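Written out below as structure tokens is the structure these notes cover.
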């Protein structure tokens, strides 16, 4: 490698064009072979740098989101359920609702695909440039209760508050005490009109009051969540897990 090429690479790195610097020898050779103009060469160099940065940004945001698994919307089989149409799913993927700070509330029994859909939407949102956080209700309550003294919890909550989309999974799966309900209310109040929220729950909103234990807090939370929200209620017979459950017996299942 010539001294002049090494010098060019060092200059690019000093300008924080590190990926372009690494790719420079290959790019120069291709430019010479294909008789590129200066403009084409510069466009290719900048384009490569931008692409690498975008990929690293997506990788970092996927890690920070803390999804329970990596499954895109392509794995959400519309034929397995009767609640969402293809047109509606495509509308969700456009994220106009996210730009308008709408919330999504996914209701229904276990196994109908609420977590799969919310995760798929979160992954798609990251690929479209949004910041996303995923957290289960149990983990969220623990993180809120330890935020005052735990650096890990402080970091997690900062990422949640900085997100464009916050996904809270298994909402109201357990009863909360007064302190926990108040902490949850203050978080919802902080996020209100600042980001979109996706909630998944197997409890209908009218049941939330029993689990929060305070009608006033329940009303305040519901007001903020449902002010601008789309409620999607999956049906009992949408359960993918029940239809595709495995049996320990070959070719048959136990008859009740």
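The values are calculated or read from the model by the stated rules, or taken from the named source; none is laboratory data. Only a predicted model underlies this, so the values are computations on that prediction, with no experimental measurement involved. Here Cβ is always computed from backbone atoms with ideal geometry, including for glycine, and neighbour counts include all displayed protein chains.
So which residues in the stretch 58-72 are in contact with a helix residue (DSSP H, G or I) (Cβ under 9 Å, 6 or more places away or on another chain) and surrounded by fewer than 16 Cβ atoms within 10 Å (Cβ to Cβ), if there are any at all?
Of everything in the stretch 58-72, those that are in contact with a helix residue (DSSP H, G or I) (Cβ under 9 Å, 6 or more places away or on another chain) and surrounded by fewer than 16 Cβ atoms within 10 Å (Cβ to Cβ) turn out to be 58, 68, 69, 70, 71, 72.
For (1) modelled with pLDDT of 95 or more; (2) farther than 22 Å from residue 201 by Cβ, each residue gets a yes or a no:
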position: 72; (1), (2): no, yes
position: 107; (1), (2): no, no
position: 118; (1), (2): yes, no
position: 135; (1), (2): yes, no
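Of everything in the stretch 1-38, what is surrounded by fewer than 10 Cβ atoms within 10 Å (Cβ to Cβ) and touching a residue at least 12 places away in the same chain (Cβ under 8 Å)? Give them in sequence order.
Within the stretch 1-38, just 1 meets the criteria.
Could you tell me which numbered condition residue 85 fails, if it satisfies all but one of (1) under 14 Å from the mean Cα position of the chain (by Cα); (2) assigned by TED's automatic domain parsing to the domain that holds residue 189?
With respect to (1) under 14 Å from the mean Cα position of the chain (by Cα); (2) assigned by TED's automatic domain parsing to the domain that holds residue 189, residue 85 is out only on (1).
Pairs only if they're at least six apart or on different chains, beta carbon under 6 angstrom, first in the stretch 169-181 and closer than 24 Å to residue 116 by Cα, second loosely packed, with under 15 Cβ neighbours inside 10 Å and at pLDDT below 90; list them, first residue then second.
Taking only residues 6 or more apart or on different chains, the pairs are 172/203.
In the stretch 88-104, what count of residues is obtained for those that are touching a residue at least 40 places away in the same chain (Cβ under 8 Å) and either in a helix (DSSP H, G or I) or surrounded by fewer than 20 Cβ atoms within 10 Å (Cβ to Cβ) (or both)?
5
Look at the stretch 118-140 and say how many of its residues are in a helix (DSSP H, G or I) and in contact (Cβ under 8 Å) with a residue 60 or more places away in the chain.
6
Looking at 39, 29, which one is under 18 Å from residue 9 (Cα atoms) and outside the structural domain of residue 231 (by TED's automatic domain parsing)? Write out each step before concluding.
Numbers: 39 fails: under 18 Å from residue 9 (Cα atoms).
From the options 39, 29, the qualifying one is 29.
Please list, ordered by first then second residue, the pairs with beta carbon atoms under 6 Å, 6 or more apart or interchain, first in the stretch 218-233 and in contact (Cβ under 8 Å) with a residue 24 or more places away in the chain and on the phi < 0 side of the Ramachandran plot, second assigned to a strand (DSSP E or B) and surrounded by 15 or more Cβ atoms within 10 Å (Cβ to Cβ).
Qualifying pairs under 6 Å: 225/103; 229/103; 229/105; 230/104; 231/105; 232/106; 233/107.
Return the total of residues in the stretch 141-190 being part of a loop (DSSP other than H, G, I, E, B) and surrounded by fewer than 18 Cβ atoms within 10 Å (Cβ to Cβ).
Qualifying residue count, the stretch 141-190: 8.
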